[in-house]
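None of the figures in this text is laboratory data; all of them are computed from the coordinates on show. The structure displayed is predicted, hence computed values, not measured ones. Every residue, glycine as well, gets a Cβ built from its backbone with ideal geometry; the counts of neighbours run over all protein chains shown.
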Amino acid sequence: MNDGAPPDLQALGITKRFGPLTALKDVNFRLQPGQFHALLGENGAGKSTLVKCIMGYYHPDEGQISLDQQQVTIGSPRDAQAFGIGMVYQQFTLIPNMTVLENLVISKAKLTPVINWQKEEHQLTQFMEKMPFKVSLTARVSSLAAGEKQKVEILKQLALQNRILILDEPTSVLTPQEADEMLGHLRAMTLGRQLSVLIITHKLREVAAFADDVTVLRKGRFVGSGKVSELKITQMAEMMVGSEVTAKPKQRNDRLSKVPKLVLQDIRVKNDIGVEVVRGVHLTIHEGEIVGVAGVSGNGQHELVEVLAGQRQATAGAIRVDDQPFQPTREKIRRHKVFCLPEEPLQNTCVGRMTVAENLAFRNFDVEPHAVGGWLMSRPALCRSARGLIERYNINPPYPEIPIQSLSGGNVQRAVLARELSADVEILIIANPCFGLDFLAMEEIRLQIVAARNRGTAVLLVSEDLDEILELSDRTVVMFNGRLVYETTSPGVDLAVIGRHMTGHAA
Amino acid sequence: MEAGWWGVLIAVLGGAIRIGTPFLFVSLGECLTEKSGRINLGLEGTLVMGAMAGYAVSLHSGSPWLGVLCAGLAGMALGALHSWLCSFQRVNDIAVGIAMMLFGTGLAFFLGKPYIQPSAPRLPSIDLGAWSDIPQLKAALQINALFLVGIVVAIALTWMLKNTAWGLKVRVVGESADAARALGLPVDRIRIMSTAQGGFLAGIGGSYLSLYYPFNWSEGLSSGQGLMAVALVIFARWQPMACLWVSLLWGGAAALGPSLQSVGITGGYYIFNAIPYIMTLAVMIITCSPRRTLVGVPHELTVTR
């Protein structure tokens, strides 16, 4: 890294329009040298647009960007890199089949025709020694945990000598410990004035613990900024949402019964490359109970949900529903009323180019009244049912005849939830239901889940968001390395204990 | 009888090299193309076109090596055409590959009609068996020069993919087009160049067929070797050096029938001749499972996405 403080980044009066839509309206923002600055706002508030204007992906329609009081034009991410601005994206941009070393080398602006691996390794080892965290250079990226990958992304930016680091929700895939560790290191580097950090996040806890300053956007406009030390968390949340925050504790009725609904016995599953990733899961879920499965992604949760949804076969073990063996066939799903809301529902349970009405009818298009006599589809009936669901679940825009892929992520989620909850549901399997949703959509979907529980549904909730699990579950289990390693009932949970189990560090 | 079995073994080993050489070139070409994230099924057509071009140029110029070069260039042109077509939006590389396969063979038959009869100069071979006086061994150790070139190409390709900026770029493009674009790499251009280079190698493989073994130009020359190369590359896990061993294995399997015939076992001759095809089928069935993805497969390949 070269010496001297990072440049003073200012964005003045930025306006960005996409056709008739104004994504940003006259937004001001300043990142001072050595600052740790949080950019807060709901989905669609314009955070990503602002950052992409700074990175040169978009060109603002009005306003200017300056570095050290000099106006600059950033035409592309390459330009941003030349000015020492680097970004770590929400999704990993590393190449999984290559080693850390290869990934770091390929990102360099200039490559020699023949690569001297010894020299590159030597230089990067030296660079790594000056860094607060280390990653093995020879490791294949696909073998790294999410936290490690995130570190490599950051190291990649630092190795390029970037002095301003922009991070887009960097902790969404990390455990609390990993997140705290990583943010702590970045904090230390900003205190040493080696680096300025701009972090986009929803997590107010992290803002309060690590950031110096905060800027809040809402609906494309600047609503406020200030020192974190002078603001309360509730004030920040209010700025984000606009009105008073609606994160009320969900109304729960007392547990209805002790009747086991869904029983998993010694479930074992292999993943796509033949490695056993679910290694003997035992779990019982009762009527009217939400069981939350916490864990860092990649510990077998994904494959477990696929088995329950019928998208993958278990290699061993038994699923029992109502004390009868269960295979996820259409007939058994209907008889036992087992429904599923998997992660990324647009890819996993929708056909993007089919209409909202058709997608909403996937569970019941082949029965009356949608299929007359069990075989003749009735479009008017499909649309009638769809309109009812669209209204009840607030799906927007409210047209049954448009392709479902034209809906936003939150609305696709609502549509799938509407479909899965539309009939009587006795068992509901949910994975990461709120990933990428804004605050209000999140609240709504969580209310629906608790409402289903209160009606007596047994719910299995798999989530990477620990806060979500703790808010919703009656009982929490931790999945690590293919097994359930810890169980606790929700009142009186110790976050640190759960975090240790999530990373396998509980002796 | 004891000596007879030794004879079969030696004949199979010799045959592995003799029949495996075109497999080697085509699979190396396919390997490079697939590393960049595209499948070129058109290599079957490229092989036939290379055989025709090599034979024609060798006949007219009197130099078989000039024929090999021209065969490579013809293959390169077909490869470039394939990848140029694939760089348009929503064009599927498999469909284009099938079209290119038919186009390549059709064009070769059309242009190659006058060359079915005359005899062109042959590629030289190197006599490594001069020290021995066993005739079978002598015959088996007649190593063709192109096979040695193929070994050098396999080593060079391995080194290039690992140690050069170009090789690294090809791999990045094959693993993730998005990541490549984020790094500012010209994805389509890299793929066009890789496919053209792959076509060059396949064209050379074709020239071997017409200029060394079976050493004639006819329409039934390639008998599906260009398509089998796709299975070979999967079996070789996209590693050039493994392509070498796998090509020898396939060549040896193809040589089994004729070798057994030479010791008087003629029963089931056609079954033995079908062994390479049966092995190809077996590889495709064993490696393709809905529950697993392959180790080492470039992520951008359309068949695996």
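Here are the numbers:
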{"item": "Of B:Ile285, A:Met98, A:Asn299, farthest towards positive along the dipole that unit charges on Lys, Arg, Asp, Glu beta carbons give the protein assembly as shown", "result": "B:Ile285"}
{"item": "Debye log10 I(q)/I(0) for the protein assembly as shown, one point scatterer per Cα, at q = 0.07, 0.11 Å⁻¹", "result": "-0.68, -1.28"}
{"item": "Between region B:130-169 and region A:58-80, the Cα center-to-center distance that results, in Å", "result": "54 Å"}
{"item": "Region B:160-305: mean projected area of Cα convex hull, nm²", "result": "11.1 nm²"}
{"item": "Ranked B:Thr195, A:Thr49, A:Thr138, B:Thr21, criterion: other C-beta atoms within 10 Å, fewest first", "result": "A:Thr138, A:Thr49, B:Thr21, B:Thr195"}
{"item": "Using θ = phi - 60° and Karplus 6.51 cos²θ - 1.76 cosθ + 1.60, couplings along region A:470-475 (whole Hz; Gly, Pro as x)", "result": "5, 6, 9, 7, 7, 9"}
{"item": "Residues A:His282, A:His501, A:His336, sorted so that the one with the fewest Cβ neighbours within 10 Å comes first", "result": "A:His282, A:His336, A:His501"}
{"item": "Built amide H within the under 5 Å cut-off of A:Ile199, gap 5+", "result": "A:His37, A:Ala38, A:Leu39, A:Leu167"}
{"item": "Filter on A:Lys151/A:Lys203; A:Lys130/B:Lys162; A:Lys270/A:Lys337; A:Lys110/B:Lys169; A:Lys156/B:Lys169; A:Lys119/B:Lys169 - keep pairs with C-alpha separation over 23 Å", "result": "A:Lys130/B:Lys162; A:Lys270/A:Lys337"}
{"item": "Helical contribution to [θ] at 222 nm, DSSP H n ≥ 4, -39,500 (n - 2.57), averaged over chain A, rounded to 500", "result": "-9500 deg cm²/dmol"}
{"item": "Note, ³J(HN,Hα) from phi for region B:254-266, Karplus 6.51, -1.76, 1.60, rounded to Hz, x at Gly and Pro", "result": "6, 7, 4, x, x, 5, 5, 4, 5, 9, x, 8, 10"}
{"item": "Residue-wise HN-Hα coupling along region A:104-113, computed from phi with Karplus coefficients 6.51, -1.76, 1.60 (Hz; x: Gly, Pro)", "result": "5, 5, 5, 7, 5, 5, 10, 10, 6, x"}
{"item": "Candidates B:Tyr212, B:Tyr115, B:Tyr270, ranked by Gaussian network fluctuation over chain B, Cα under 10 Å, top entry", "result": "B:Tyr270"}
{"item": "Magnitude of the charge dipole, region B:74-187, Cβ model with Lys/Arg +1 and Asp/Glu -1, debye to 20", "result": "200 debye"}
{"item": "FRET efficiency, A:Ala188 to A:Leu495 (Cβ-Cβ, R0 22 Å, nearest 0.05)", "result": "0.45"}
{"item": "Long-range HN-HN contacts of A:Leu341 with modeled amide H, under 5 Å", "result": "A:Ile429, A:Ile430, A:Ala431"}
{"item": "Cα-based convex hull volume of chain B per residue, rounded to whole Å³", "result": "141 Å³"}
{"item": "Rounded to 10°, Cα long-axis angle of helix B:145-163 versus longest principal axis of chain B", "result": "30 degrees"}
{"item": "Dipole-positive endmost among A:Gly147, A:Thr49, B:Gln89 within the protein assembly as shown (Cβ charges, Cα centre)", "result": "B:Gln89"}
{"item": "C-alpha long axis of helix B:2-35 to longest principal axis of chain B, angle in °", "result": "20 degrees"}
{"item": "Residues A:Asp254 and A:Lys119, FRET efficiency given R0 of 45 Å [Cβ-Cβ distance, rounded to 0.05]", "result": "0.10"}
{"item": "Footprinting exposure proxy for A:Phe133, B:Phe272 (fewest neighbouring C-beta atoms within 10 Å first)", "result": "A:Phe133, B:Phe272"}
{"item": "Principal axes of region A:411-495: Cα extent on each, largest first, Å", "result": "34, 28, 25"}
{"item": "Between 0 and 90°, nearest 10: helix A:117-129 axis offset from chain A longest Cα axis", "result": "90 degrees"}
{"item": "FRET efficiency estimate (nearest 0.05) - Cβ-Cβ, A:Glu344 to B:Trp5, R0 51 angstrom", "result": "0.30"}
{"item": "Positive-end residue of B:Ala56, B:Gly72, B:Leu107, charge dipole of region B:2-136 with Cβ unit charges", "result": "B:Leu107"}
{"item": "Long-range tail of P(r) for region A:1-141 (Cα pairs > 21 Å, %)", "result": "55 percent"}
{"item": "Point-to-point label distance, A:Asn454-B:Trp131, nm (Cα→Cβ direction, 7 Å offset)", "result": "9.0 nm"}
{"item": "Label point distance in nm, A:Thr15-A:Lys134, each placed 7 Å from Cα along Cα→Cβ", "result": "5.4 nm"}
{"item": "Placed amide H near A:Tyr486: partners under 5 Å, 5+ positions off or other chain", "result": "A:Val478"}
{"item": "Point-to-point label distance, B:Thr266-A:Leu111, nm (Cα→Cβ direction, 7 Å offset)", "result": "5.8 nm"}
{"item": "Helix-only CD estimate at 222 nm, as mean residue ellipticity for chain B, using -39500 (n - 2.57) per DSSP H run (n ≥ 4)", "result": "-23500 deg cm²/dmol"}
